[in-house]
Each structure stands twice: as structure tokens, then as C-alpha cells.
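Inspection log for the structure reproduced underneath, given as C-alpha cells.
The values are calculated or read from the model by the stated rules, or taken from the named source; none is laboratory data. Source: prediction; values computed, not measured. Don't worry about glycine lacking a Cβ; one is built from the backbone with ideal geometry, like all the others, and counts go over all protein chains shown. We work out accessible area using only protein heavy atoms, side chains counted, and drop any ligands, DNA or RNA first. Shrake-Rupley method; radii C 1.70, N 1.55, O 1.52, S 1.80 Å.
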Amino acid sequence: MFKDYNMNQLTLPLDLEVKLHKNDIAFSIHHLVESIPNEAFAPFIQHTGCPSYHPRMMLKLILCGYTQSTFSGRKIEDLTRDSIRMMWLAQGYEPSYRTINRFRVHPNMKELIRQCFVQFRCQLVEEKLIDQEAIFIDGTKIEVNANKFTFVWKKAVEKHHSNLVEKSKQLYDELLENQIIPEIQRENEEQLSIEELKQVAHYVEEVVEDFTSKIEQSEDVTERKRLRSERKTPKQILKQVHDWIIRKQKYEEYFDVFGTRNSYSKTDTDATFMRMKDDYMQNGQLKPGYNVQIATERQYTLAYDIFPNPTDTKTLIPFLDQIEGNYFELPKHIVADAGYGSEQNYQDILNNRNRTPLITYNHYLNEQKRKYRQDPVKTSNWTYDEENDAYICPNEKELRFQYNSVRTDKSGFKREFKVYECEDCTGCPLRTLCTKATEGKNRKLMVNENWEKQKEEVRAKLSEEKTAAIYGQRKIDVEPVFGFLKANLGFTRFSVRGKSKVHHEIGLALMATNLRKYAVRG
């Protein structure tokens, strides 16, 4: 006996909600989007044309698609016809892939995604899933939707531009010396601007036209041949100057795009070439990408941002500004790895934000090892004579204070150093291990007292039981999120181009990982 099965029996449609499990992820998506205030959807209202799909429904569909590792607009469209949870969220509507893709990159999506993170965090706080005592910050690099051979390198552009400047100056001086063109009024003596090159081209063109008119008027074959020969050089110069004008315009456009970066991709000009961890060819090849920064607690992403610079050190301060301005008030402890440890970052967190940085620095782990602490060559192990303001080297020589030095980095941050110099390094048996200074010069030691004080504070905090336990959670809190994102969700490459669109897409992907974890919390 079989259960009744009849394809010709008329069946009335049921409410699809009854087909879903009580803890289905569709309910988590529904409750999250419904918690967003109506004001966030107001910019999507249009008073003319055909009524559009409700942005709440569109946001639910896209989030649901991302939770199912579906990032293509066409595949999300297919899910609205095939998936029960998608059909329930859409309530019978079937938006096309064009509509889905246009909504996904809409400028007003930035506020909707921000509201998703804000409301999601409120849910976590209300359900006591997070304690708001610390946030864990880390970054990862994700490849963009661009060809890996579309690079433009700043050093190469600077080299070609300097060659162009030098050659154009040399040609201008030669033209003046030979009285081919009159002197032009210049803005800068170091290089010719584009307008000045156009003036040079104009004068040279007049010379060429003069030769051309003489050739047309002359009937003497020998004379015409001589004039053509004399016209050849100005024509070549004119062609060269026109080429320089085009190249100089191109180089100036390149410099505008570079900003503070040293490279970019022609396909996605906001992306920078970075070294990725996923190096399948094992050749250290650089690929265009973005540095994605996230702040987590209990493996939930609470805030995020993207940056074009590959190193994490310079991203911390703007990221913390972004969190305070758009997401939530910073908790007491800021936890991150050694890639974020710098004097500027410590100073900002301690002095400007009045928070506790649980952030290690380079060589912190090495300093905990016995071999490092017993190495006499390491300057951190040298004896300091406070009375005479001098350090004692392993050879029992004094390094006395000489002068103060100030260094300013690219971001404008100033670091103050005290410079000490050894009294005499002549004949020292440890010289080759201690210094790379040439023979006849003594070992110099630069000490940043503010940096040393900050490191001491960090070491003291990380030695306390409570704060050490918080820092110990870092690896199992923030780093698994990237595993959920890349391995479980399958999000390893952006499908859109441009910083704003990429910002939307990574926000949707990170919220999808949050919802997947939240839906199975038990």
C-alpha cells in the first residue's frame, strides 16, 4: 500500500510559513529587518512612476540569498521561485535580477546595512549574548572583481613622469637657445605644465606651417627638398610634444587616483594591490583587493569597514572613529593583535578615548622567552644608569645622552627620541653582533621614552589575570569569523566594483554570517 499521490488533484495554496521550521533562518532575517525603523526606508520612496518593491522585502531577499551562499542576482531571482523561505519572505513577488542588483548597490543601502548591525547588536544585548566588556578587532584581505594584471605602480609613474619633465625642460631650453620659439611665461621653473607644453606645441606648429607654406610657394625642386629636410626636425618635435601632453595628462590623472597609495587597479581604481594569504602559485604575487576590518564579540560581527591600505596599523584609529560615530560606544577594552601595536594607536586609545588597549606589539612574544631575556646584545636588557642618564653595554661601556631627535611619519605623527652614543667601540669583541656602524664610528642608541612607557603599561595589563583572560579570547573570537565568511559561507571574492559597492556587499556577507550563527544558537 502507498500513500495517496495524485497530480491531478486541485490543491489550494497554504500559508508558506507553516512549511518552515520554528527556528528557520528566515524568521531571524524577518525579525531583524522589521526592527529597522521606518525612517531608514524613507529615502527609497518615489512619488512618480510605477510603485517599487518594498525595500524591507528586497533587503530580506538579499540577506536570505547571502545566508545560502548565493551572491549572484540571477541565482537570488531563481531562489524566489524555488525556495520556500524565499517565497515566504517575498510573499508571492518575484523581482528580477536587475532589480535585485540595482537595489544591492543603491547609495541608500549604506544606511540600511548600518541599521542592520545596530539593531542586531541590540538583539544580542537584550538576549544577553554579549557582555559589552571588550571588542576584538582584526582584518583580512579580500580580492576584488578585477584582473590581477591591471596594475598601475606609483614608483613607475613617478619615474616616467620625472623623465618626461627632464626631457621637456631640455627641449624647451634648446628651442629657446636656437630661437625657434619665443620665451613663454612659466608658473614653475622646475617643470613645464600642460598649458605651457600646449604653448610650445603651438609655436612649433607655426614653424611647421611656415615651412609648409614656403614649400607650396616654391617651384624650385632643390629648394623644396631643402625646406622639407629643414621641416623634418620641427615636425618630429611637434609630434613629441603632443605625445608629452597626452602622457602628462595621464600621469596627473594617475597621481589623483593614487592619493596616499602606491598602486591601484585600472578595473577597480579604489582597490590596491596587496599580498594575499591565498597564494596558490606560491610566488608571492600581488592581487588587487581591500583590507576588511571587523569588530566582534562572541564571534558576532558588530561593526566593519574597508580600507585601501594593506597594513593594519594605520586602519585602527579611523576604524574606531567609524565605530563610535556610526555603530556604538566603545567598551572598556580594545583587543587586537601585534599588527595594530604602535605608539600612535596606544596614545589615541589611552589619551583620546580613555580606554584600555589590550594590543601587543612586535617582539612582545619574543620578550617572554628566556633566550631573549638572557641575550646581552638586546638593548632592552642593558642596564640604565638613571643618575648619569646613560646605558651600560655588554662590554661595560657607557652610552651617554647626546641630543634629542624628532621624526615625523607620513600621517604627520611625531615621535620623539633621545639619542645615546657609546664612548668608545674600538676593539670591542661584540662589535659585529652589536652594531652595523662602520669602523671608527661608535654605536648609537635611539630611545623613545613615550613608546617604552606605553609598552610597559601594556605588559602590566596583559600580566593581570582578568585582562590576560580577555586577550586570550582574541584568537577564538575574531579569527573564526573570517573562517565562517570564507570557508563556510564561501565568500572569497567581491562581485562588484568601487569602494561604496564593495562596502555594501561585505556588509551583507558579514551580516549573513551573523544570522547563520544566530539562527543555530540553540
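Before moving on, here are some points about what is shown:
- Positions within segment 179-227 being modelled with pLDDT of 85 or more, of a type in the set (Ser, Thr, Tyr) and either closer than 19 Å to LYS167 by Cβ or not in a helix (DSSP H, G or I) (or both), in sequence order: SER193, TYR203
- Taken over segment 87-108, the criterion of being within 17 Å of ILE45 (Cα to Cα), charged (D, E, K, R) and touching a helix residue (DSSP H, G or I) at 6+ places or on another chain (Cβ under 8 Å) is satisfied by ARG104 alone.
- The set of residues in segment 403-458 that are among the acidic types (Asp, Glu) and either open to solvent by less than 70 Å² (accessible area, probe 1.4 Å) or within 30 Å of LEU358 (Cα to Cα) (or both) comprises ASP409, GLU416, GLU421, ASP424, GLU449, GLU452, GLU456, GLU457.
- Residues of segment 407-428 classified as free of Cβ contacts under 8 Å to residues at least 60 places away in the same chain and basic (Lys, Arg), total: 3
- Any pair with Cβ under 8 angstrom, 6 or more apart, that starts in segment 379-406 at a residue that is within 21 Å of ASN450 (Cβ to Cβ) and β-branched (Val, Ile, Thr) and ends at one that is at pLDDT 85 or above and open to solvent by 50 Å² or more (accessible area, probe 1.4 Å): VAL406/LYS414; VAL406/ARG415; VAL406/GLU416
- Of the candidates PHE117, PHE103, the single residue that is open to solvent by less than 10 Å² (accessible area, probe 1.4 Å), of a type outside the set (Lys, Arg) and touching a residue at least 24 places away in the same chain (Cβ under 8 Å) is PHE117.
- Number of residues in segment 467-522 that are touching a residue at least 60 places away in the same chain (Cβ under 8 Å), open to solvent by 20 Å² or more (accessible area, probe 1.4 Å) and among the small types (Gly, Ala, Ser): the value is 3.
- Number of positions in segment 306-340 that are under 14 Å from GLY139 (Cβ atoms), open to solvent by less than 20 Å² (accessible area, probe 1.4 Å) and not hydrophobic (A, V, I, L, M, F, W, C): 2
- In segment 347-362, the residues that are farther than 18 Å from ALA295 by Cβ reach residues that are in a loop (DSSP other than H, G, I, E, B) with C-beta atoms within less than 7 angstrom, at least six apart or across chains, in these pairs: TYR361/GLY341; ASN362/GLY341.
- Number of residues in segment 26-37 that are open to solvent by 20 Å² or more (accessible area, probe 1.4 Å) and either closer than 19 Å to LEU508 by Cβ or in contact with a Cys (Cβ under 7 Å, 6 or more places away or on another chain) (or both): the value is 5.
- Some residue of segment 353-374 being farther than 30 Å from ASN395 by Cα and open to solvent by 70 Å² or more (accessible area, probe 1.4 Å): yes
Each row is one residue, and each column tells you yes or no for (1) part of a strand (DSSP E or B); (2) touching a Cys at 6+ places or on another chain (Cβ under 7 Å); (3) of a type in the set (Gly, Ala, Ser).
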position: LEU89; (1), (2), (3): no, yes, no
position: GLU94; (1), (2), (3): no, no, no
position: HIS106; (1), (2), (3): no, no, no
position: ARG114; (1), (2), (3): no, no, no
position: VAL118; (1), (2), (3): no, no, no
position: GLN123; (1), (2), (3): no, no, no
position: ASP131; (1), (2), (3): no, no, no
position: GLY139; (1), (2), (3): yes, no, yes
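- Considering ILE62, ILE36, ILE84, the condition of being among the β-branched types (Val, Ile, Thr) and more than 34 Å from the chain's Cα centre (by Cα) is satisfied by ILE84 alone.
- Checked against (1) closer than 25 Å to PHE484 by Cα; (2) of a type in the set (A, V, I, L, M); (3) assigned to a loop (DSSP other than H, G, I, E, B), ILE76 passes all but a single condition, namely (3).
- Among the candidates ARG298, ARG261, the residue that is within 22 Å of GLY483 (Cβ to Cβ) and either among the basic types (Lys, Arg) or open to solvent by less than 10 Å² (accessible area, probe 1.4 Å) (or both) is uniquely ARG298.
- The set of residues in segment 137-187 that are within 30 Å of PRO310 (Cα to Cα) and without any contact (Cβ under 8 Å) to a residue 40 or more places away in the chain comprises PHE149, ALA156, GLU158, LYS159, SER162, ASN163.
- Failed item, numbered, when PHE27 is tested on (1) of a type outside the set (D, E, K, R); (2) modelled with pLDDT under 95; (3) within 29 Å of the chain's Cα centre (by Cα): (3)
- Residue list for segment 46-63, filter: charged (D, E, K, R) and either touching a strand residue (DSSP E or B) at 6+ places or on another chain (Cβ under 8 Å) or buried (at least 23 other Cβ atoms within 10 Å of the Cβ) (or both): LYS60
- Filtered by the rule that a residue be modelled with pLDDT of 95 or more and either exposed (fewer than 15 other Cβ atoms within 10 Å of the Cβ) or more than 15 Å from the chain's Cα centre (by Cα) (or both), segment 273-295 gives a lone residue, ALA295.
- Which numbered condition PRO234 fails, given (1) within 30 Å of VAL204 (Cα to Cα); (2) of a type outside the set (Ser, Thr, Tyr); (3) at pLDDT 90 or above; (4) touching a Phe, Trp or Tyr at 6+ places or on another chain (Cβ under 9 Å): (3)
- The strands (runs of 3 or more DSSP E) falling completely within segment 340-434 that include 3 or more residues that are hydrophobic (A, V, I, L, M, F, W, C) and out of contact with any helix residue (DSSP H, G or I) (no Cβ under 6 Å at 6 or more places or on another chain) map to 398-408, 414-422.
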